[in-house]
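Reviewing the structure listed below.
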Amino acid sequence: MGIEELVESIGSHVLTTTLGKVVGWGRGNSVWPAQFGLACCAIEMIATATAGVDIARFGSEAMRASPRQSDLMIVSGRVSQKMAPILRTVYDQMPEPKWVISMGACASTGGVFNNYALLQGVDKIVPVDVYIPGCPPRPEDLLNALMILQERIKAQGILPRQ
Amino acid sequence: MSSRGPLFAENLVVERGISAGDAWVTVEPGNIRAALQSLKDDGYRLLVFLTCVDHLADASRKWPGRYELVYQVRDMESKDTIRVRAFVDGDPPRIDSVHDLFPPANWDERETYDLFGVVFSDHPELTRILMPDDWVGHPLRRDYPVGGEVVEFSEEHKIWQTAPEDA
Amino acid sequence: MSETEGVTITKTGAPGAFGGELLTVNFGPHHPSTHGVLRLIVDLDGEQIRRVKPVIGYLHTGIEKQMEALRWQQGVVVTDRHDYLSPPINNLAYALAVERLMGVDVPPRAQVLRVIMSELTRLSSHLVWMGTSGLELGAMSMLMYCFRERDTILDMNEEISGFRMHTSYIRPGGVYADATPRFLEMLEGFIYAMPGHIDEYENLLTMNPIWRSRTIGIGRLSPDDAKVLGATGPMLRGSGVDWDLRKAVPYSGYESYDFEVATSDDCDCYGRYLVRIKEMREAVKILRQALDKLPDGPVNVDDRKMLPPPREELETSMEAVIHHFKLFTEGYSVPPGDVYVAVESGRGENGCYVVSDGTHKPRRVKFRAASFVNLQALERMALNHMVADMIAIIGTADAVLGDVDR
Amino acid sequence: MNDLYNNQVGHWVIVVIAITALLLVVLTATAYTVWLERVALGRIQRRPGPNRVGPFGLMQLAADGVKLAFKESFIPADADKLLYLLAPTIAVGSAFLAWAVIPIGLWYNVQYWIADINIGVLLIFAVSSLNVYAIVVGGYSSNNKYSMLGGIRSAAQLISYEMALGLSLVPTFMIVGSLRLRDIAEYTVHWGWYNGAIPLIILTPLGFVIYLIAAVAETNRAPFDLPEAEQELIGGFLTEYSGLKFVMYYLAEYINMITVSALAALLFFGGWNLWIIPPVFAFLIKVILLLFLYIWLRGTFPRLRYDMLMRLGWKVLLPLAIANVVVTGVILVATQG
Amino acid sequence: MSTMTLGGSDLDASWFLILGAILFIIGATGVLVRRNPLVILICIELMLNAVNLTLIVFSRQLQNLEGQLFALMSMTVAAAEAVVGLAILVDIFHVREVEDIDELSEMKG
Amino acid sequence: MADEESTGKPEHPTPLRRPGERVPAKPEGKRPGVAADVAALAGGLKTTLSEFFRPVVTTEYPEEKTTRSERYRGRHYLRRYDNGLERCIGCELCAAACPVGCILVIAAENTDEHRISPGERYAKTYEINMLRCIFCGYCEDACPVQAIVLGPEYELSDTSREKFIYTKEKLLEPLPPDVEARLRAPSSPHPGPPPKGGRGQADPLPDVEREKTI
Amino acid sequence: MAIAIFLIAAVMAVAGAIGVVAFQQPIRSVLSLVVVMLALSILFLLLSAQFVFVVQIIVYAGAVMVLFLFVIALFGPARELAKTQLRFQSWLAGVFVFVLLVLIWTMLQGIQYRQPERADLGVFGTVQSIAVGLFTTYLYPFELTSILLLVAAIGAIYLSRKKIDEPEGGPVDGLRSATGTGGEPPPSFKT
């Protein structure tokens, strides 16, 4: 029985609802971030992983060094013009599905450094799912963003991202 | 300031003074190596930093040259510090490298080259250090715009607070 | 494959000592072992490092240019962000420089508060260093323990200044605001608890044979080399040179505190580790003394040209309103001149060279970054060591890339 | 030996059912070992660990599994595709194979095993030595220098510590006089008034210490986790693996961890014999405590450097293990004539 | 054809011997055909394995342990051979890339 | 530009090891004995085990939250007077003080029939780009009428850039009641810096969990 | 049952053996040989040679072949060039195979095996029986093998040793010339 027949027989709504829910639940509750610490926010990102608020409660403590095993890129800190192409390469190396959180004012817009050296917003080179304002945001803020992202992922289910 | 050592004996000093408690001397740019060598012989063995100041359109006084190179040296025994200045002009401005007298000057000179375009003669590896290799211009010169973007608001506006009016 | 992950390896064609060829390996700039966005080009002979070439600039933020675009008092928020592990110390260097140019002296209470914030910052900076270095060498619990105490310090930062990391607490002319009673109470408790925590870190690392064998004899830097290379801070003191700006060129009343300069004759990574541990203990000692001697009085200079008037005056005095408007629209101007002020941060000499042309914006602000100079010694320290030791060496050099690249 | 190959159909049915059950049990146990590690490591660091997905975070592993299963399966360009896919399979296969000979005491005098063969321990070594292929081939086929360096290092590490691991157990075999795991677990002594089972750790404590260290190294766990020392080599041989293939390696690592813990429980702690506690629980308690020991070590110690690791294996553990064998032999000869 | 009773089946020693012969021949062919010195070493190992199989078969057939003991010895020898052979190859590879075993007949490095 | 200067010179002049110099040997004589090593390892294990049996220090974030300091610089609010008039008088001092330039104020004249604020002018447009804001609190310091204050809220993450441009309507939302009450209290007129010089600003201490703070 | 096991193992072994010869990349040849060895080890188990079965896996598959793998991984995937194959070599090999096969076939026709020695199959091939054999009757050859191993180990170490008898400073200087970091250290360094 081919995959089309399978879909026919169990009905496409099952794929998009039941299976979609399960997959969305799995993906949402197991978001492994890639280490992409750049500056001040990176320290707060590390702090998020430590005992203070403990991102492990959300199942996201597995900060893999290799982008191949990551689902989420937390761009934490200022992205310089020199760093931008590298950031893009790392993003490209992550397998689908993948998400991006832009942490802090510098990553999102450049913040106070409205000048020649910084990329004014990481969303110019990678699609950003959640922005966190703050310079740097509190660790709780990152968790809040992660929860917003989890809702998004769960709603997205198995469908490809828009 | 103690006017000790051979620096003053050799008449390298053009001008000297104290600014906000810091002793400084000015030397001819051609003599910079000799001046720093004599200071080093005198015990000022630590080059604290080396940088450049761009005096373009600076009305506060009459400057001998557009680019002022600043060398801060310190004697770690007597805890004296002294600032050596040299004024250069031209495009690109040139001065002798002191990386072999003071090893930390190596990166400092590269940085000054990168950000100000000051060429240090005989520097072994005078390439950009902070900016990408293919960058055009020297960002810390006063005539280089700060850059950046207009802050987003919901409506168009012309006010842009952080843009410097006179660069 | 990936350039980013890693690593491109090319054969140089030159013979190495082990019969193979030398390999040029490129680590970074986004690589977990490089303590931030540092890129290293390493010539390897087998596992031995023959040459290291750090490539920096991946975090170049244009901070010095930004300072020129901002007014004197606005610049404080930018100084927070170059060495992002010790914002108040950066503030202090800048504030001292501006005050020297302006020719003002801050009141004694402000001085003591500045010392308290500096030492808290030194502690938190060392804690971050120890946590991340521990993690890099595989001691993952160290990260958790160190960041736990760091969180306490950040809570205190928040209590006194309203923000965790980038406090902008120390400003030209004084400090942002007086300490609250709750802050002093938290500080009291912290001073009481911290020595026990330091003991705990030492239990985990100091005598641990694995830690010792990974650090002792690794990354040696003789006292002469350290001086010639311009190293400062724990890098210099870890090589046995007794040099601390707090003792050598005292500022903010450091001369009136009783503390020892931590040095170690080991001249290696272990020595630098010991120096930092000792400095943490000394910092607690200074905090104790500062808290005991905290005098009453104002925390800002009484100069309406430099600092805004108290809020209650705005309602009564027209003159105060005018000062207020003038200060926030065009700021104050600083007399022409230049000054260099250096303070001792967790990483070494954190200097600020300020040139004023008499206007309300600085002509030039140069930050003398300790990490920038210390990083140059990496080449010397890493030579002939194994690749795996590079982590320990970079770790104990404690280069903050934001400070290096500015 | 011959009982394995008799042609009674009933035997084969039992074996097939047993294999299926064992697969399920080991898989579940692996999942919860991962959970145990994350929680215990968290507690060592004064944080709760996963606790938001399901009660006590018990569903965390299910979420991870679902996510990884639906992750894009990625094969690096220029990789040797056949070998790249083969390597994780070897890892999981060899890890599961070891469970063929590990007996589990279910109830008093009721043990369970798939193959109660005479050379049980040796078979475990044999199949675990195949793990090297998974690592080297995985590293080689990824076409990434990190992976390859990680793979080669790891293989050298496995081979080095296999020697110490094997030799550390020889005193046990000498004392018991059998390689059958059931015999070792049920080893009894008759010392004066005492008649009964005795954990062999009392007789060869040094053997246990060497076994423990070597086993940690064999399973690539901290502080010997150089093959995937993330701070040095990104993810070692795992760098290029993603999705299900990564899961397989991950699974293999934890199965191996349980295997060596179970083996230690059988060899040194009397297996399922523990006072009046029912055998199956006694066995579980011992295995869980040993697993905790692993996690505890990981939470405490820094990582060794590669050359130190080799030095420890060859210059410390191996001589010690040999000396242990010799001394045990001398004592045995002296006491038993 | 007397004694090989393996679980009651009529598998006899010839089956094993033929398998051993086939493996040996394939190995020998490899040595002749392949040019890469490493692969040639591997093929030699294959031949040794085939020989071991016959040793074990005869040991079982004759119910005499000597065959197994000899197989163990031959494994040891094979291991020693592999180690030394590889060490030599590595030494040569350090000097130059060898793609053809015939290159090694030249007496220069 | 620099190429012609860099020919014919050694590539890197910082002091390298002298030719032939090897890795220095590990210092002798400082090595503790095996017993000390084992004791140190055991000490480490004991430390981690003792931590294992102590309670966790984690804040279970979305369910429980730590209290923010009174000076905390979080989300901005525009305040009103009790009679409903806006405090902001459109003086643009906040925009001028902002180091980031993330505040946009466009003022308009008040008229008697259309009175928004007590002064002559009011802010027709008042926008803050929250994504660019660095929460330095300069706007609060600059405001002469305490119209803009930084409240204690920090969970501001959102999914698109446009949502971060906080318009006047959004900023004029009522402050959290406790903060508003504190601001109205005669003893503490301002959530920012208290009047200079006094040590004993008698603010009630929120009870802090000792274990966590220290 | 035994026939089924034999046939599976035999097919695996032959396929692996063909793989050894046929694969172009050495690493695949090595892995094919591992397959052969595992298949053979199953046959050993079938033939009551338990100990040899385990040794086959541990020593051969687990150690010797890993060594090959190491060398290949270290020196990269050197492929054979087709042109280096001699034209009539494969032809000759074919003849050789054919001749050998015919030879063995004829030899196996009507073969009579010697009468077995009637060992107890319950303990035949166990570790204990092997140990008794090795440490009593065959102690001398056993010790000789260990000497052989020692010699091989020493030889291997000698061949792959680090060349330490170099002039002082040689490698560093060699490196400098390679990477352009030549020359004396700067004068400032002579503190």
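The values are calculated or read from the model by the stated rules, or taken from the named source; none is laboratory data. The structure presented is a predicted model; accordingly, all values stated were derived computationally and were not measured. Counting neighbours? That spans all protein chains shown, and the Cβs are built from the backbone with ideal geometry, glycine included. Each accessible area value is taken on the protein alone, full model and side chains, heavy atoms only, with ligands, DNA and RNA left out. Shrake-Rupley method; radii C 1.70, N 1.55, O 1.52, S 1.80 Å.
A few comments on the model shown:
- Counting every alpha-carbon pair across region F:47-124, the share separated by more than 16 Å comes to 69%.
- Rounded to 5, percent antiparallel among DSSP beta bridges of chain A: 10
- Scaling against 2.2 N^0.38 Å puts the C-alpha radius of gyration of region F:25-174 at 1.80.
- Counting Cβ atoms of other protein chains within 10 Å of each residue's Cβ and taking the mean over peptide C:73-84 gives 5.
- Amide H contacts of D:Phe74: D:Ser242, each under 5 Å away and 5 or more positions distant or on a separate chain (H built 1.01 Å from N in the peptide plane; Pro and chain starts excluded).
- Sequence-distant contacts, meaning Cα pairs under 8 Å at least 6 residues apart, place the relative contact order of region F:76-184 at 33 percent.
- For residues of G:90-102, the mean tally of beta carbons on other chains within 10 Å: 3
- The long axis of helix B:105-116 is offset from the longest Cα principal axis of chain B by roughly 40 degrees.
- Protein accessible area in region E:14-93, 1.4 Å probe - carbon and sulfur %: 84
- Sequence-distant contacts, meaning Cα pairs under 8 Å at least 6 residues apart, place the relative contact order of region D:1-70 at 19 percent.
- Given B:Lys79/C:Lys278; A:Lys21/F:Lys170; F:Lys65/F:Lys170; A:Lys154/F:Lys168; C:Lys227/C:Lys366; A:Lys82/F:Lys168, the pairs whose alpha carbons are separated by over 28 Å: A:Lys21/F:Lys170; A:Lys154/F:Lys168; A:Lys82/F:Lys168
- Two-decimal Rg to Rh for chain D - Kirkwood Rh, Cα set: 0.98
- For chain A, the longest principal axis of the alpha carbon atoms and the long axis of helix A:139-156 meet at an angle near 30°.
- Burial here means at least 30 square angstrom less accessible surface with every protein chain in place than with the chain by itself, probed at 1.4 Å; in region D:140-186 the buried residues are D:Tyr140, D:Lys145, D:Tyr146, D:Ile152, D:Arg153, D:Ile159.
- Exposed-site-free run, longest, chain B (rule: GluC sites (Glu not before Pro); DSSP loop; at most 16 other C-beta within 10 Å): B:78-148
- Nearest 10 degrees, 0 to 90: helix C:140-161 Cα axis against chain C principal axis: 10
- Per-residue mean of C-beta atoms belonging to partner chains within 10 Å, peptide B:53-62: 4
- Computed from phi, the 3J(HN,Hα) profile of region E:32-38 under the Karplus parametrisation 6.51, -1.76, 1.60 (θ = phi - 60°) reads 6, 8, 6, 10, 6, x, 5 Hz, with x in place of Gly and Pro.
- The number of Lys pairs in region D:71-336 with C-alpha atoms less than 25 Å apart, excluding pairs fewer than 8 positions apart on the same chain, is 6.
- Net charge over other residues, Cβ less than 9 angstrom from the Cβ of F:Ala123 (K, R count +1; D, E count -1): +1
- Rg to Rh quotient for chain C, alpha carbon positions, Kirkwood Rh: 1.01
- The chymotrypsin sites (Phe, Trp or Tyr not before Pro) of region D:238-310 that DSSP puts in a loop, and whose beta carbon has at most 12 other beta carbons within 10 Å, are D:Trp275.
- Karplus 3J(HN,Hα) series, Hz, for region C:217-224 with 6.51 cos²θ - 1.76 cosθ + 1.60 (x for Gly, Pro): x, 9, x, 6, 9, 6, x, 4
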